[in-house]
1. So what is the calculated 222 nm ellipticity per residue for chain A, using -39500 (n - 2.57) for each DSSP H run with n of 4 or more, over all residues, to the nearest 500 deg cm²/dmol?
2. Among B:1, A:38, B:125, A:269, which comes first, then next, by fewest other beta-carbon atoms within 10 Å?
3. Rank-order B:9-16, A:199-206, A:108-115 by packing density, defined as the average count of other C-beta atoms within 10 Å over each peptide's residues, highest first.
4. Would you work out the charge dipole size for segment A:2-353 about its Cα centre, treating the Cβ of every Lys and Arg as +1 and the Cβ of every Asp and Glu as -1, and quote it to the nearest 20 debye?
5. Using 1/(1 + (r/R0)^6) with R0 = 51 angstrom and r between the beta carbons of residue A:203 and residue A:169, what's the FRET efficiency to the nearest 0.05?
6. Taking chain B as the reference, fit the longest principal axis to its C-alpha atoms, fit the long axis of helix B:138-152 to the helix C-alpha atoms, and give the angle between the two in degrees, 0 to 90, nearest 10.
7. Give the shape of segment B:162-225 as rounded, prolate or oblate, defined through the alpha-carbon gyration tensor: a ≥ b ≥ c are the square roots of its eigenvalues, a/c under 1.5 means rounded, and otherwise the shape is prolate if a/b is larger than b/c and oblate if not.
8. Please say if segment A:2-353 is rounded, prolate or oblate, where rounded means a/c under 1.5 for a ≥ b ≥ c the square roots of the C-alpha gyration tensor eigenvalues, and otherwise the choice is prolate for a/b larger than b/c and oblate otherwise?
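What follows draws every value from the coordinates through simple rules; no lab data is involved. All values derive from a computational prediction rather than experimental measurement. All Cβ positions, glycine included, derive from the backbone under ideal geometry; neighbour counts span all protein chains shown.
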Amino acid sequence: MLRRLSYGQSYILLGIILAAALVASAGIGAFTFSPERMFRYLGEGLGWIPSVAADDLGRNVFLKLRLPRVLVAGLTGAVLGVSGTLMQGLFRNPIVEPGLVGTSAGAAFGAAIIFVFGESTALSFATPLGSLAVPVAAFVVSFAATMIVYRLSTSFGKVNVFTLLLAGIAINAVCAAGTGFLSYVARDPQARNITFWNLGTFTTADWRGVELIGLFFLICFVWSLRYGKSLNALMLGESEAASLGVNPERLILQLIIVNTIMVAVATAMVGVIAFVGLVIPHVMRMLKSADYNFLLPASALFGAITMEVIDIAARVIIPPAELPIGIITAVIGAPVFLWILLRQTRSGSVGFYG
Amino acid sequence: MADVDRVSYRVGETVILDDVTVSFAPNRFNVILGPNGAGKSTLLKIATGLLEPTSGTVCYGDRRVGDYSAPALARKRAVLSQRVELAFPLDVEDVVLMGRYPHYGRTPSRRDREIVSRSLELVGMTAKRGQQYPTLSGGEQQKVQLARVLAQIWNYDEPREPKYLFLDEPTTSLDVHYQLHLLDVARGLLDYDCTVIAILHDITMALQYGDVFFLMENGRVAHEAHDAAGIPVELVERVFQVRASRVTDPADGQGLWRFSL
């Protein structure tokens, strides 16, 4: 469908779909809002039109709960889409996503450390960082985890898929053990937090989350757009990329940093959401092109669309309760992951790439 | 002219290249010969500027390789190695366009696009320009990679400047048709102010296509010959540990090599 459109036209189409998904996601749920009502609240919230006092409850639910939640979901989807694209480019393989290579699990572990020990004296250094302590800790551990997996799975500038999977399993296990230990020693409310958040949730989304994820996403997204050409060149392998004028060492470091910043901030806010980063770039590749200059913006848009749809599903499947996001994404994403892996094995092409 | 001057390369105690000095003949097909482990690949890597030697220098013309910025170096020389597999369904045209990456910033110019089409034409892959790279056969994939390096050091239009094409066993695992095609296209570049420097795994093919030969043994250049006939048979026998003989093809009087154990 997208094949016949230019890159620009594809973005416009995805943008229109995203706008529709945002309106739908904002309107559907325990409280249902008509688009007309939503725009009125929006106008009232911005002070453009005088508020109707009788409708305080609806307005508060919409402006303080629903709207930030919808925006956090969209931004998180965009982060995961871009991150999946960057990681697949870095590892030169479509089975890679932040959940596989330790980025998410590392971020979860780092954040859990602050959740549990953040208040205690031993880690009082965290206090001056204030509300940024959680994302910063998430970044540090996440960066280390991703770097270790990359180094382990690469030999002579080429990525070995089996080593990649095994290294990912090992690092994820270490991080999960760490997080598990922390939730075991934590006092009850903290432990509950960690459990919830290991499955991903948007229920706690607020405007501060919108600001934080939005700011870091914007910076990292604009930054990552510079790497379209380099990511394409890297498909050929590190030494071929080098002969095209790319410095692979520097590129790899920068990719892991920009990716980890986004994922760490998003994970610190909403928890671990697996498989979205895997599926998004894959679908965009099938529909249009494997060119990273296209995939980066397209995956941001399509990631946001997908996350809105999943969030609507999370709200309406078992009302009045909500399903954790991570459960839905795993149910949809794991079969896709296996399908891609199987297809690679059948075509005999699992092994070394680029 | 590409000059390697007193280059040594060591990893720990192991000496891989030992004080090598070679001057690759400009606009000729230079072949580096030698058995496995003689240091051919290391020498080629250092000559491309991708590997820093422990000591010594590499110059293109009178400019040191280290003085080029990465994109400037990529516009000066290209490297074609063994066939690359891609895990992604990138279009053939997009792969060839990579050769133009060092030449443009954000978006390719119309000239970049034109060079891509003409490169595809030169390797005879125009019909497959819109196809996905992983669906091509191994030989066709290598033709696309060849088009990519042609686009990278495009020198068919005036004004020309000296360019260098490095071949690192690019014909490995190709059928004979594709091997001959690739080497023919590479030889064609010699008329356009381009110097070819190659390692070829098929020694018979190497002797047939080369102009200048550098025979390597244990990290040194043991012999330099400006004609396949000028390579001493005994030396080839010793270096490669085979029995060699030179026969004359009755059809065209060309010298051919035969090897046996």
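1. Only helices count here, giving -23500 deg cm²/dmol.
2. B:1, A:38, B:125, A:269
3. A:108-115, A:199-206, B:9-16
4. Computed about the Cα centre, the dipole is about 680 debye.
5. 0.95
6. Taking Cα atoms only, the helix is inclined about 80 degrees.
7. It is oblate, given that a/c is not under 1.5 and a/b is not larger than b/c.
8. Oblate.
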